[in-house]
Amino acid sequence: MLKNCDVVFYKKKNDFRSVVLENILKIVAEKGRIKLTSGKKFDKLAIPLTTDLISYKIFNEFVEGDIENLKKKNKKIITPLCLFLDKEVLLYAKLKKLKFKIHKERKDKISEFIDDLEKKHLEVKRGIVNGFLKLEN
């Protein structure tokens, strides 16, 4: 995702995903691997997408029949949290005692369906994401 000396931009927010993303980026920046910026010039844009959010997006695009939209990639965008579920990212935030606010998220019927399915069959969200990644290659 990142190369040495990449300049990375991320949007500061106070939700748990954004706070964890910021924490991780700062750890990498402290080691001198990357530089963080709030300005206009950057090599990579980091966004706080988790497995949950990505699986919802993939499933929605399949249902809507807009699979081509999923194939569009921007090489400047990175998603460092993409391998983690929301509950794992939230646990990290709590264990690190990061300050964040939990916002009530609106969920559509598809995301509720996937959440219910995940309760009975673990790894469904990861399966959706991994299955899509195999289709891409």
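A few notes on this one:
- For region 116-136, the set of residues classified as under 19 Å from GLU64 (Cα atoms) and of a type outside the set (Lys, Arg) consists of ILE128, VAL129, GLY131, PHE132, LEU133, LEU135, GLU136, listed by residue number.
- Some residue of region 125-136 being basic (Lys, Arg) and either at positive phi or without any contact (Cβ under 8 Å) to a residue 60 or more places away in the chain (or both): yes
- Inter-residue pairs, beta-carbon under 6 Å, first within 20 Å of LYS41 (Cβ to Cβ) and in region 71-92, second hydrophobic (A, V, I, L, M, F, W, C) and in a loop (DSSP other than H, G, I, E, B), 6+ apart: ILE78/MET1
- Residues that are among the charged types (D, E, K, R) and in contact (Cβ under 8 Å) with a residue 24 or more places away in the chain were ranked within region 30-59; the one that is surrounded by the fewest Cβ atoms within 10 Å (Cβ to Cβ) is LYS41.
- Qualifying residue in region 9-29 (condition: over 22 Å from GLU112 (Cα atoms), surrounded by fewer than 15 Cβ atoms within 10 Å (Cβ to Cβ), among the basic types (Lys, Arg) and in contact with a helix residue (DSSP H, G or I) (Cβ under 8 Å, 6 or more places away or on another chain)): yes
- Odd one out for PHE62, checked against (1) of a type in the set (Phe, Trp, Tyr); (2) free of Cβ contacts under 8 Å to residues at least 12 places away in the same chain; (3) within 15 Å of CYS5 (Cα to Cα): (3)
- If you go through region 72-98 and keep only what is of a type in the set (Lys, Arg) and in contact with a helix residue (DSSP H, G or I) (Cβ under 7 Å, 6 or more places away or on another chain), you end up with just LYS96.
- Flag if LYS104 is in contact (Cβ under 8 Å) with a residue 24 or more places away in the chain and surrounded by fewer than 16 Cβ atoms within 10 Å (Cβ to Cβ): no
Values in this text are rule-based calculations from the coordinates and carry no lab data. Given the structure is predicted, the values throughout are model-derived calculations rather than measurements. So basically every Cβ, Gly included, is an ideal-geometry build from the backbone, and we count neighbours across all protein chains shown.
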